[in-house]
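Each remark here refers to the structure printed beneath this line.
We did not get these values from a lab; they are worked out from the coordinates using the rules stated. It should be emphasised that the depicted structure is a prediction, and the values quoted were computed from it without experimental measurement. Quick reminder, even Gly has a Cβ in these numbers, built from the backbone with ideal geometry, and neighbours come from all protein chains shown.
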Amino acid sequence: MLGRPRKEEPVTYFAQTDSRGRRIPFGIKAGDRSRHMYVIGKTGMGKSTLLENMAIQDIRNGHGLCFVDPHGKTADLLLDYVPEHRVKDVLYFAPFDMDYPTSFNIMEDVGPDKRHLVVNGLMATFEKIWVDAWSARMAYILQNTLLALLEYPGSTLLGVNRMLVDKEYRRLVVNNIGDPSVRSFWVDEFAKYTDRYTQEATPAIQNKVGQFTANPLIRNIVGQPRSTFDLRRLMDEGKIIIVNLSKGKVGEGNANLLGSMFITKVHLAAMSRADVPDTELQKLPNFFLFVDEFQSFANKSFADILSEARKYKLNLTLAHQYIEQMEEEVRAAVFGNVGTMAVFRVGAYDAEFLEKEFAPAITAEDLVNLGIYQVYLKLMIDGVTSPPFSAVTLPPIEREPQSFREQVIAYSRESFARPRAIVENEIKEWHAPILPPPKEHREHERPKEPQRESLSRPGERNASAQKASESLPAQSYQREGRSELTRSRSAPRPTQSADTSVRYGREKVHPRDESAPQEPPSPLSLSHLRHGGKKVGSEETHLSELRQALSEVLKHPFAQSKKGTAQRVEEKERMRTKSEDASTAPPLSREQHVEAKHAGEIPEELLRKLLEVPNPPIPEKEPSRKPPSIV
């Protein structure tokens, strides 16, 4: 069939044939790499060399790639193979470079449809790391914490522990939650936890998460709200990402956490290509992800990456040592999705398992007896898997005469990292305590308390009034107390406002009832005892009536709250009177002025001073008269 000649795809060479003594190099086409490649074998058999040769060719051919290395050897080696024209294409992510930490926030700008992927990836990573201490309660609280933080702008992993212990920070986050299920957890469940239950449930999470966030190496990377690089842009532009997670420098747990987060972020970046039309997607370059010892980062969510990555032109090359390192779910995803399989020498258990993949041509004994750099392959060729055959991997590629390592590191620091002092200062400011909002309308709520108390039982009225008076500020308490005791001294006052009537226990008059005839003053009012009244200003004032009226006023719940002030005024007036009369005459005894009938009466001296009634002259004693006898 005649037609336009088919454009040849670039081939990535990694091995050579060994049949009949003929050594012919061969490799895999770019289109076949989209079906992923799986490499397994014991340590020292040549797996890392195979991955290095493929990555170096991608660098030289101008492809975009990400190499995640938990050992650090290959990541360090690749720096020497970066040509001069690609120095500015490299992001060198080295967490142990603490002087210039690179910001990487997996929780940044995650859309509602991708939040479950981030949470599942983090939860699977935490479960894998804390497998011996994992519990359903811990998972439930941690999942809702992560989902809540993903909706709050500027959240990082540092917010997990703060969310559990800082009430003000939790209030801000909860107020921003839009997901009804997550909001219901924090409002209807967590807020009602007892202190004892909270102290039992949350410390386990704080302890585990704190192991990472308390380490400055991890904290300065994941604690920055804004990432210093955009993975989607790097993938679309075909950049080079080298992730050096040397466990000897970073720590195994830290390396596993960062590696899992990085792979999850790459997956999210690839899936974000779904918003690109198919015609535009085909124009985007392939992006190759290499993961050595991938079992350290492979969790349950890794199965989704294998099944969906191909749609978005993300091609995986995975390598590890033995099958039992993978969880059953991940194992099923690997053998169900990879198109090319390369097997170096393996153990007996793995040989029995892999024999089913290579039967009938290759047996378990063949897989166990392979030599160094020898490999059995099932190669994807133009979308079809070839029969199994043997080969020998290519030797390491020679280095360039000139290395641009230092230039690569310097440019990566300048473009994707920031000085440690600046980062730590920002994190310190983020940890500053959040002040609670001011309590509003407190002044407007005070007058309502006596009205509510007036409806209570008489036995409870005095106690509730005293409790309300104690809760008022001292300044307001003294001011209102003085005003109540001195009102009787002032000139005739205008008509009381509605608010004043509420304070003295009277109901407010509705506007439509203003025309109605006014009721006589309440017995609790002193208006009929002020100047201008019929009962004030005369020496014949009946002191018992005045005393009884004022006693009724002072027994009112609102007046009871000012009792302490009245006592102080009485004491002050008594001392002043004594000091004035001390020079002229000896002070009169209390019995000369007061004839107390019972303990609850108001002393005449205090009563007259409060009502400004002049003291009558002391009458001369008259001889006692006997009452007339009744006939």
Contour minus Cα-Cα distance for residue 397 and residue 61 (0.36 nm per residue): 119.5 nm
Fewest-first ranking of 233, 20, 115, using other Cβ atoms within 10 Å as the exposure measure: 20, 233, 115
Cβ-derived FRET efficiency at R0 41 Å, residue 280 paired with residue 215, nearest 0.05: 0.45
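With +1 assigned to the C-beta of every Lys and Arg and -1 to the C-beta of every Asp and Glu, and no other charges, what is the dipole magnitude of the range 114-226 about the Cα centre in debye, to the nearest 20?
240 debye
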Selection from 147, 223, 177, by position along the positive dipole direction of the range 114-226 (Cβ): 223
The range 188-292: C-alpha gyration tensor shape, a/c 1.5 cut-off, then a/b vs b/c: oblate
Neighbour-count ranking [beta-carbon atoms within 10 angstrom, fewest first] of 36, 320: 320, 36
Formal net charge of residues neighbouring residue 264 (Cβ-Cβ distance under 13 Å; K, R +1; D, E -1): +2
Global geometry of the range 84-224, whether rounded, prolate or oblate, following the gyration tensor of its Cα atoms and the 1.5 cut on a/c: prolate
Relative contact order of the range 16-110, pairs being alpha-carbon contacts under 8 Å that are 6 or more residues apart, as %: 13 percent
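Test of understanding: ordering 242, 56, 427 by Cβ neighbours within 10 Å, fewest first, what list do you get?
On the way: 242 26, 56 22, 427 18.
With the sparsest Cβ surroundings first, the list reads 427, 56, 242.
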Residues whose placed amide H lies under 5 Å from that of residue 62, excluding near-sequence neighbours: none
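Can you pick out the pairs among 311/356; 29/239; 128/356 whose Cα atoms lie more than 22 Å from each other? Please list the in-between numbers first.
Working: 311/356 28 Å; 29/239 20 Å; 128/356 29 Å.
Cα-Cα > 22 Å for 311/356; 128/356; rest within.
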Over the range 141-244, relative contact order from alpha-carbon pairs under 8 Å, at least 6 apart, %: 32 percent
